[in-house]
Amino acid sequence: MQTRNLLSASTPVSPVSARAWIAVTALGISAFSIVTSELAPVGMLSMLAKELNQTEAGTGLVVTAYGWVGALAALLSGLIPARISRKALLVTLMLILALSCMAASQSLSMTTFISARMAGAVAHGAFWALIGAVASQLVPAEKLGLATSVIFGGVSAASVLGVPLASVIAGVVGWRSAFTAIALLSLATACVLFSTLPALEKSPSGGIRIYRDILKSPTLLSLYGATACIISAHFAAFTYLEPLLTKAQSVAPASVSGLLLVSGLSGLAGNIIAGKLIDRHMKALISASLLLSAAALGMLGLKGAVPFSLGLTGLLLTLWGAGIAIVFVGMQTWLLRSAGTSAQPASSLYVAIFNAAIGTGALAGGKVLAAVGIHNLALLAAGVITASLMLVLRLKSPPLP
């Protein structure tokens, strides 16, 4: 017995309960539902534009408005009083998302559609701002990278299954049925969260002052700046992925859902790679992934005499999707490591910037698309992603867990 005690004392471990991992997985399921709702318009942009009497660039404003409202919600979530249960809050936000999608499915005009989507954007922004800090409560520091990759695996799974499936449902029985399915999924996810999340520690609210203190950190400022540039550029192109494929590379409309599936599968693979390597090789992995994503996106934007083959187009989407998924996981993990005890408000600010960048990217992408065409849009986005690497290279790697 004494020998066993001495062995235990000399080999410190941080066990993680099965329930904690189930809770982490439930957060991943929530991410799946949220991102499917957010990005569903990408796979049905032409259909929405036609039925709601809008241009494709005009319909892309749905993504812009969603991102900006989500950003504001994320920012304000850092001011939520500590007395409010975080578990109850997360469940409630998923229920709001479900109602938003159901209302969107019943919309008859762009005005009512955007209004319904804005309610979901509020839930989206607040939820994302909370889950980063929640993950850090469920697992020890040395498992945070893995837990973050599981949660962000929901993002990739949404790209793999959610967005392509929503596109297929929209094509077969209409986009209204697609949003109804997302609403039902969100309702089911709220039930999963309610049954798996433990009671969560209440992070005290520091008011506006805590954001001021966070913005004094050079590391966090650089992370925020790099994130804004990368996400804006990525979504400037990704929001208009359907016309990029059909017009720039002459992909048949029937093949778009399949290529979205390829892109999503590559994102899932990127999450797996990040989960294995991000805790030990964070800076190098993010830098290489940025270059890979930019190169693939830039090639998709090249205007040749003959469009790329379907196989090569799929390969480039694979490289772009895997690279950007690794960057998403890496930047979030880097932020949580660097923020320390300020993880909750730092994460709120990060998600606000992330969502604002989605909206800004979608808006800028629409303007560039209308002005200079889809080819130049892809090339410009690739250039901004490459330039963002300079900000990442200047950062000092966070300490190992």
Candidates LEU261, LEU221, LEU268, LEU285 - the one that is assigned to a helix (DSSP H, G or I), closer than 27 Å to VAL163 by Cα and modelled with pLDDT of 85 or more: LEU285
Going residue by residue through the range 250-272, is there one that turns out to be under 30 Å from LEU75 (Cβ atoms), more than 21 Å from the chain's Cα centre (by Cα) and of a type in the set (A, V, I, L, M)? no
Confirm whether ALA295 is within 23 Å of SER149 (Cβ to Cβ) and part of a helix (DSSP H, G or I). no
Kindly evaluate ALA170 against the criterion of being assigned to a helix (DSSP H, G or I) and closer than 24 Å to CYS191 by Cα. no
The condition of being surrounded by fewer than 24 Cβ atoms within 10 Å (Cβ to Cβ), aliphatic (A, V, I, L, M), touching a residue at least 24 places away in the same chain (Cβ under 8 Å) and under 18 Å from LEU197 (Cα atoms) holds, among LEU99, LEU75, LEU95, LEU79, only for LEU95
Could you give every pair whose Cβ atoms fall below 9 Å, whose first residue belongs to the range 236-261 and is at positive phi, and whose second residue is polar (S, T, N, Q) and surrounded by fewer than 23 Cβ atoms within 10 Å (Cβ to Cβ), counting only separations of at least 6 or pairs across chains? none
Expected output for the range 284-298 (first residue among the small types (Gly, Ala, Ser), partner surrounded by fewer than 24 Cβ atoms within 10 Å (Cβ to Cβ) and not in a helix (DSSP H, G or I), Cβ below 9 Å, 6+ apart or cross-chain) is ALA284/SER397
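Can you tell me which residue among SER156, SER167, SER85 is of a type outside the set (A, V, I, L, M), at pLDDT below 90 and more than 22 Å from VAL63 (Cα to Cα)?
Details: SER156 fails: more than 22 Å from VAL63 (Cα to Cα); SER167 fails: more than 22 Å from VAL63 (Cα to Cα).
Result: SER85 is the single residue among SER156, SER167, SER85 that is of a type outside the set (A, V, I, L, M), at pLDDT below 90 and more than 22 Å from VAL63 (Cα to Cα).
So that you can scan it fast, the table gives a plain yes or no per residue for (1) surrounded by fewer than 18 Cβ atoms within 10 Å (Cβ to Cβ); (2) in contact with a Gly (Cβ under 7 Å, 6 or more places away or on another chain); (3) touching a residue at least 60 places away in the same chain (Cβ under 8 Å); (4) over 17 Å from GLY361 (Cβ atoms):
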{"site": "THR25", "(1), (2), (3), (4)": "yes, no, yes, yes"}
{"site": "THR36", "(1), (2), (3), (4)": "no, yes, yes, yes"}
{"site": "SER46", "(1), (2), (3), (4)": "yes, no, yes, yes"}
{"site": "LYS50", "(1), (2), (3), (4)": "yes, no, no, yes"}
{"site": "ASN53", "(1), (2), (3), (4)": "yes, no, no, yes"}
{"site": "GLU56", "(1), (2), (3), (4)": "no, no, yes, no"}
{"site": "VAL62", "(1), (2), (3), (4)": "no, no, no, no"}
{"site": "ALA88", "(1), (2), (3), (4)": "yes, no, no, yes"}
{"site": "VAL91", "(1), (2), (3), (4)": "no, no, yes, yes"}
Is there any pair with a first residue in the range 385-401 that is more than 15 Å from ALA288 (Cβ to Cβ) and a second that is surrounded by fewer than 17 Cβ atoms within 10 Å (Cβ to Cβ) and at pLDDT below 75 whose Cβ atoms are under 6 Å apart and which are 6 or more apart or on different chains, and what are they? PRO401/ALA141; PRO401/GLU142
Filtering the range 346-384 down to residues that are out of contact with any Lys or Arg (no Cβ under 8 Å at 6 or more places or on another chain), touching a residue at least 40 places away in the same chain (Cβ under 8 Å) and among the β-branched types (Val, Ile, Thr) yields VAL351, ILE353, ILE358, THR360, VAL368, VAL384
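The values are calculated or read from the model by the stated rules, or taken from the named source; none is laboratory data. Source: prediction; values computed, not measured. Backbone-built Cβ (ideal geometry, glycine too); neighbour counts: all protein chains shown.
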